[in-house]
Structures are given as structure tokens and as C-alpha cells.
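What follows is a single structure, written as C-alpha cells, with notes after it.
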Amino acid sequence: MTTSINTLPLKERLLSLFFEHLPSIKGQATAGVNRLREEGLAEFERQGFPHSKLENWRFSDIAPLLETDFAFNFSNQSRAFDIDKIFTCDVYDLDTFSVTLLNGWFVYKHAPLTRLENGTVIGSLAKAMELYPELIDKYLGKAAKPKNSALTALNTAFIQDGLFIYVPEGVVVEKPIQLINIVDSPTPVFLQPRHLTIAERGAKLTLVHCDHSLTHNISMTNTVVEIFAEPGAEVDHYKIQNKGKNSALFTSSYLHLEKESKIHSNIITLNGGFTRNNVDVRLNDELGHADLKGLYLVDHNQHVDNQVFIDHAAPNCFSNQLYKGILDDQARGVFSGRILVERDAQQTLAYQNNKNLLLTDEAKVNTQPHLEIYADDVKCSHGATVGQLDPDAMFYLRSRGIGEHAARQLLMLAFADEVVQKISIEALSQRIGNMVEKRLRGELSICDQCVLHCSDKGPATFNIDMSKI
Amino acid sequence: MLHIKDLSVSINGKTILKGFNLDVKPGEVHAIMGPNGTGKSTLAAVIAGREMFDVDHGEISYRGQDLLEMAPEIRAREGIFLGFQYPVEIPGVSMANFMRTALNEKRKYLGLEPLSGAEFLKLMEEKKNLVEIHSKLTNRSVNEGFSGGEKKKNEIFQMAMLEPKLAILDETDSGLDIDALKVVANGVNKLRSSENATIVITHYQRLLDYIVPDFVHVLFDGRIVKSGGKELALELESKGYEWIKKEANGVAAN
């Protein structure tokens, strides 16, 4: 069922839709989840959509987007759909455990939730709410902060489906788990997937999260990710964003780290009309290690906004932020990195670096570091650079016969390489490296992942009219 | 091959070269010597096409073409090579990728097919042996973390790869110990032929013990004040530059 009431402002529409679809939204969820929903709804009602008068939204105005007449899906219409027919991911030769969400809902051929022999559970959050209520009640919503984020509050109110991963104590999941998140709709669509990953004590996993759109229609995706790393757990989280120019992608990732756990987060934004990535980290116990990287390559009128907040709540933890961006044409970038070192968090090591390359006079980036330190024995540093390609390096390359265009590409690739080469999985590093290279050569389009290659027949639409299924 | 006539060059309004003249023929090695700050590096940069300098006056013709009209990469593809005094570090660009791109851009310009990966690797090994570079420089990013000596050897290796017609070596000897100096000089000597020419820019005579020049020119205050054979370098070594300065000033005073 597709619902759209186009006379009311988006906020009012969402509030009324909530009550109208309450039975399907609530589904099989526990009382705890429904309490979360109500709190989320109340918070969203209180805050409304973010606007550019808020400090952390100063450079990112979403008001025009909110004028869109969006459609919403409150039940899963994707399950019977054979995703292989329309989509192959560019990271395809990677040996992964691959799952797909179409328009925010889980797509599956056999079962919505898979339980591997080692006890790992991978699958639909909607199903997990039915089958694993204790885990859901223990973790869901415990890292997210609806009070600080209207979008997180809104997502929480409408929690329905998304990717659920549970890795039991001591289990190492060898294959990366790949989530392919596809938007494909003949009309503007508003989606709110919710992902929950739980890595129990000593567990290890790699999650590759790809965002794509197969439509040129306007879409707004408001994603919330929660990742819990219990003591000694290690989670590698890669996000690859390659979206159409009319897509707006909001991702709020909440990473919770217990003692001696490690999380690597790496967000690669290759394309996207409007992209906002919020990464919120809590180093909750000693010897936690959070390594956050980002790479954004944007041109035309694309807008990318990365917001990082790291809460050093315990002593002896390490955090590092390295975000790099290349902005061409009239593209706009925003980076805000905040480090909070709490009173007891002695021996904290916290580093932050944001480097930007502007290729034109019209490209623009706003970068802001914030350090808030209440402990006295800490090592923190931050740095931000905004610049052009190094003229000495340009001349050096050209003096060897390399043309200006090729020289620029070499230097841009080299700039991006600092982030790409640190990807620990060799195959993934190569695939992402290739995508970055193609992107910088201007050879990567959002249609690249689509097997239909319909670009000469006009925009890609697949006629999956949700109302008719 | 190279004719520089009455060349005047300035940067930010300050004139560096003042009516400079030089003729270089195939097969010749010219040494340009002189005290610091007299315009030696400016000359090298202007020939290679550095855009930060203004050519106020004069002309440079290279193999019958107007060099000043050419972009730096075209000059390189036409056979000009500058060995940098301070080679630039480029993190993230591997030496192999850099050289392969450079070679293939040149080949494309000359209407040749690009080298295959195997051909390229073979060529690289050959040239490494030719210039006696046995380290793994080629696996690393361009000049990144190289010692002073490694950077200069790397310049010679690039020169071997690109096989220039006219090489200008800008203070290639500065900061080298005697062993590195020999490696660099041997490389240059092996690449010498009756077809190509070399301009060696140096402050000291030392390098000229190993790369024997046909002509030595003394650059002072933006122009050549004295030219001679290789013995002029020895004379400079024993008498120092004060002698030249006095002579130049004397000439100016008369």
C-alpha cells in the first residue's frame, strides 16, 4: 500500500500517518519497542524536521526537500521480488554474505532471517523483533539519541525493517556481510530503514553497506544504524554511497564500544544529491578503539555533510578521524568533528583530520573542529585543510610529459588513496579503489551497478509500482 | 638543438636573467656554474616550462620550434628533461604508475602504441640496471620518504626511462655523498650519445670530475660572464667566484 496525503506539511503528514498505520507499524514488536516508538514520535513532534537555524544544520538546508510529495510504505512489498534481475553490485566478486533491502524492506528468497551454524543471525529486523525479543529489548534504541536528533527520533517512531545482525560470543564471521540498499520507485519515496548489529564479547565481523538508487526520482532515506561492540569485539563497517542526484540520504550511525573493542568505520561517498552522515561514537569502557574514515567525491550541485561526534567516556581509549574530500564544480561539503573527553577519560588519544581539495572557485567546504576536554592527561589533535592541488607536484608530473588532465587525476587519486589503502580487506580495498578511480575519471554513474544499462533509453525506472503488487 | 637568445626573465617584478645567451648542439655537455642566486635554477625552470616566471624578453628555440609557446608536458614529450634540485614528494602515486603514465603519454603524443604491462616492467628493470639502482624505489610512492641521495638517483632513473634529447640537471650533485655522486654521474655518462645533449648546473667543480663537460659557462648576475672548456671549472675551483665577480663588475664599470 502506498500512502500519500499531499495537502499537509511533511511533519503533520508523518504524525497522522503514524496513527493511521499504527497496527502495521507496530507489527509483532515487543512492548519495549513500542515504547521506544512513542518516545521517538513525541521527540519528533517536539523538534520537527531540522532546519538551518540549528547549529549543526547551519550549512545544510533540507527545507526544499521537505516540500516533496513523498509516498510511504508501511508493509513489505518487496519480498517476492527477484533482486538479481535488476541489480548487480559493483563489489560483486567479493565473496560476501549478501542481503538486500528494496525501498527499506528486506528482500529474500527463502527465509527472512538466516541462522548460521556458528549461531550468527543475519536478516530482517522485522523478523528479529518476532524471534529475538530479548535481544531487541536489550539493544534496540540503546545507542541512538532521539533527543539530540529529530531524524533519529522520526526513524525510531517508524522502526519496521532493516538489517539485523547478531554475532555470538567469540565467533568470527569470516565473510563480509554485505547489505545492498536499493531505492527504486516510480514516485518520490520516503524510507526509514533501521539497522542493528550486535557483536558479542570477542566477536568479529565486517559489514559492507552499499547505498544505491535505481531511479532518478526524488527519494529521501532516513537511516539509523546502531552497532554494539561488546568487550573485545571488532567491527569493520564500510559504507559505500552511490546515489542519484535526486536522492537525499541521511544516515545516523551510533557506535557503542565496550572494553577493548574496536570499530573501524569507513564512509565512501561517490555520488549523491544530498548526503548527510552522522557518526556518533561512545567509548564506554577502557581501551576502546574507534577509527573513523570518510572519503567524499562530489561534483555538480551535490552536497555532502559529515558530522562526527566522539564521546570519550572512559580512560585509555583511542579515536582517530580522517575525512577527505574532493569537491568539483559547485559541490558543497560540510565537516564537523566533535571530540568530547569526559572528566575520567585520562590517557585519551584523540585525533582528527579533515582535508579537502577544491577543484573550482565555486566549490565550497565548511569544516569545523570542536574539542571539549575535561580530563587533564590527554593527547588530542585536530587539523583541517582546504586547498587546491599542489602546484609543485603538478609541475613535476607535467615536466615528465604527463598532460594536465592526467596529472590532476593522478593527484586526486593519490589524495583519495590515503583513505582507500587503509581498508584492511584486500579485495574490498581494490574494489573500492577501482570505484574511486572510475569516479574520478568520470566513468562511474549510478547506472553502473544496474544490469539493464538503460542509459540510452532514458532514466532507469523499473515499473515496480508498489500500489499494484 | 637549443638556442637561447637575449633572454630576460623575472619573478614578481624582480629580474633574474638579464640578456642570457646559450647555444647547445647535439652531443654536447655544457656546465653552467656560478654563485648562489645568480639565476641558474631559474634558467632550468624556464626551459622546462615552469609558469611562475615571466619571460620579459628574448627567445628560446628548441629543435627549430619556439619552446616558450609549449606547455611543460609538450616540452617533455619533445625530449626535454629537467632533473630537479628538489624532487617533489607525491604520496599516493606509485613510481611505477607515474613512469608508466609518463611514458605512455609520450608514446601517444608520438603516435606510438602504449607499452603493455609486461613490456613496461621489463623496460623498468633494464633502466634500473643501467643506472645501477638496485633498491625498491619503484615500488614506493614518488620520492616519498626517499633520502636526498635516493631522490637524485631517482631523477636519473626517470631520465633513463624517458630518454630525453636534452637533459638539464639542476644541482644534481647537491647533498650527495661521493658514492651517490658516482652513481648519478655514471648514469648520466651511460645515457650520453651523439644525439642528445646535457646541461649540468652546479655550484661545485666536483661533479665535473665525473661528468666531463665540453663547455663551462659562468653565470653571474643573470648572464654568462665567462665561457671556456673544462679547465675553466678547475680555475674556478682554485680561485673561487670572487675573481669572476670582480672581473664582471670591472667589465660593467668600464
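The values are calculated or read from the model by the stated rules, or taken from the named source; none is laboratory data. Since the structure is predicted, the reported quantities are computational estimates derived from the model, not experimental observations. So basically every Cβ, Gly included, is an ideal-geometry build from the backbone, and we count neighbours across all protein chains shown.
Rundown of residues vs (1) surrounded by fewer than 19 Cβ atoms within 10 Å (Cβ to Cβ); (2) within 19 Å of B:L166 (Cβ to Cβ); (3) modelled with pLDDT of 90 or more, yes/no style:
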position	(1), (2), (3)
B:L208	no, yes, no
B:V218	no, no, yes
B:S227	yes, yes, yes
B:L232	no, no, no
B:S238	yes, no, no
B:V251	yes, no, no
Residues satisfying the stated conditions in segment B:179-198, i.e. over 25 Å from B:R50 (Cα atoms) and in a loop (DSSP other than H, G, I, E, B) = B:R192, B:S193, B:S194, B:E195
Listing of strands (runs of 3 or more DSSP E) fully contained in segment A:244-284 that carry 2 or more residues being among the hydroxyl-bearing types (S, T, Y), within 20 Å of A:T152 (Cα to Cα) and in contact with a Lys or Arg (Cβ under 8 Å, 6 or more places away or on another chain) = A:247-257
Where in segment B:50-95 are there strands (runs of 3 or more DSSP E), lying wholly inside it, with at least 3 residues that are within 13 Å of chain A (Cβ to nearest Cβ) and more than 19 Å from B:A160 (Cα to Cα)?
-> B:90-94
Among residues of segment B:119-141 being buried (at least 17 other Cβ atoms within 10 Å of the Cβ) and of a type in the set (D, E, K, R), the residue farthest from the other protein chains (Cβ to nearest Cβ) is B:K128
A:E286 is checked against (1) surrounded by fewer than 24 Cβ atoms within 10 Å (Cβ to Cβ); (2) at pLDDT 95 or above; (3) touching a strand residue (DSSP E or B) at 6+ places or on another chain (Cβ under 9 Å) and fails just one. What number does that condition carry?
-> (3)
Checked A:K379, A:K355 against criteria (touching a Phe, Trp or Tyr at 6+ places or on another chain (Cβ under 9 Å), outside any loop (DSSP other than H, G, I, E, B) and either among the acidic types (D, E) or within 14 Å of chain B (Cβ to nearest Cβ) (or both)); the one match is A:K355
Please determine, by comparing only the residues of segment A:386-402 that are at pLDDT below 95 and in a loop (DSSP other than H, G, I, E, B), which one is farthest from the other protein chains (Cβ to nearest Cβ).
-> A:Q388
When you look at A:F309, is it assigned to a strand (DSSP E or B), crowded, with 21+ Cβ neighbours inside 10 Å, away from chain B (no Cβ under 14 Å) and among the hydrophobic types (A, V, I, L, M, F, W, C), yes or no?
-> no
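Every residue, every condition in (1) surrounded by fewer than 24 Cβ atoms within 10 Å (Cβ to Cβ); (2) at positive phi; (3) not in a loop (DSSP other than H, G, I, E, B), yes or no:
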position: A:S185; (1), (2), (3): no, no, no
position: A:L196; (1), (2), (3): no, no, yes
position: A:V208; (1), (2), (3): no, no, yes
position: A:D211; (1), (2), (3): no, no, yes
position: A:N222; (1), (2), (3): yes, no, yes
If you scan segment B:130-178, which residues turn out to be within 20 Å of B:A76 (Cβ to Cβ) and assigned to a loop (DSSP other than H, G, I, E, B)?
-> B:V131, B:N143, B:E163, B:P164, B:K165, B:E171, B:T172
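Residues in segment B:1-32 that are outside any strand (DSSP E or B) and of a type in the set (G, A, S): how many?
Of the residues in that region, 2 qualify.
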Go through the residues of segment B:15-35 one by one and say whether even a single one is without any contact (Cβ under 8 Å) to a residue 24 or more places away in the chain, closer than 30 Å to B:L232 by Cβ, crowded, with 18+ Cβ neighbours inside 10 Å and under 19 Å from the mean Cα position of the chain (by Cα).
-> no
Which pairs do you get when a residue that is under 26 Å from A:V172 (Cβ atoms), found in segment A:192-220, comes within reach of a residue that is part of a strand (DSSP E or B) and aromatic (F, W, Y), reach meaning Cβ atoms under 6 angstrom, with the pair 6+ apart or on two chains?
-> A:L196/A:F164; A:I198/A:Y166; A:I198/A:F228; A:V208/A:Y238
Would you say A:A42 is touching a Ser or Thr at 6+ places or on another chain (Cβ under 7 Å) and under 25 Å from A:L125 (Cβ atoms)?
-> no
Report, by residue number, each residue of segment A:137-152 that is surrounded by 24 or more Cβ atoms within 10 Å (Cβ to Cβ) and among the hydrophobic types (A, V, I, L, M, F, W, C).
-> A:L140, A:A144
Test: residue in segment B:102-118 that is more than 8 Å from chain A (Cβ to nearest Cβ), among the hydrophobic types (A, V, I, L, M, F, W, C), under 26 Å from B:S174 (Cβ atoms) and buried (at least 19 other Cβ atoms within 10 Å of the Cβ) = no
Starting from residues that are under 23 Å from A:E404 (Cβ atoms) and acidic (D, E), keep the ones in segment A:350-391 and report whichever is surrounded by the most Cβ atoms within 10 Å (Cβ to Cβ).
-> A:D390
Which condition number does B:A44 fail, the rest of (1) small (G, A, S); (2) within 14 Å of chain A (Cβ to nearest Cβ); (3) in a strand (DSSP E or B) being met?
-> (3)
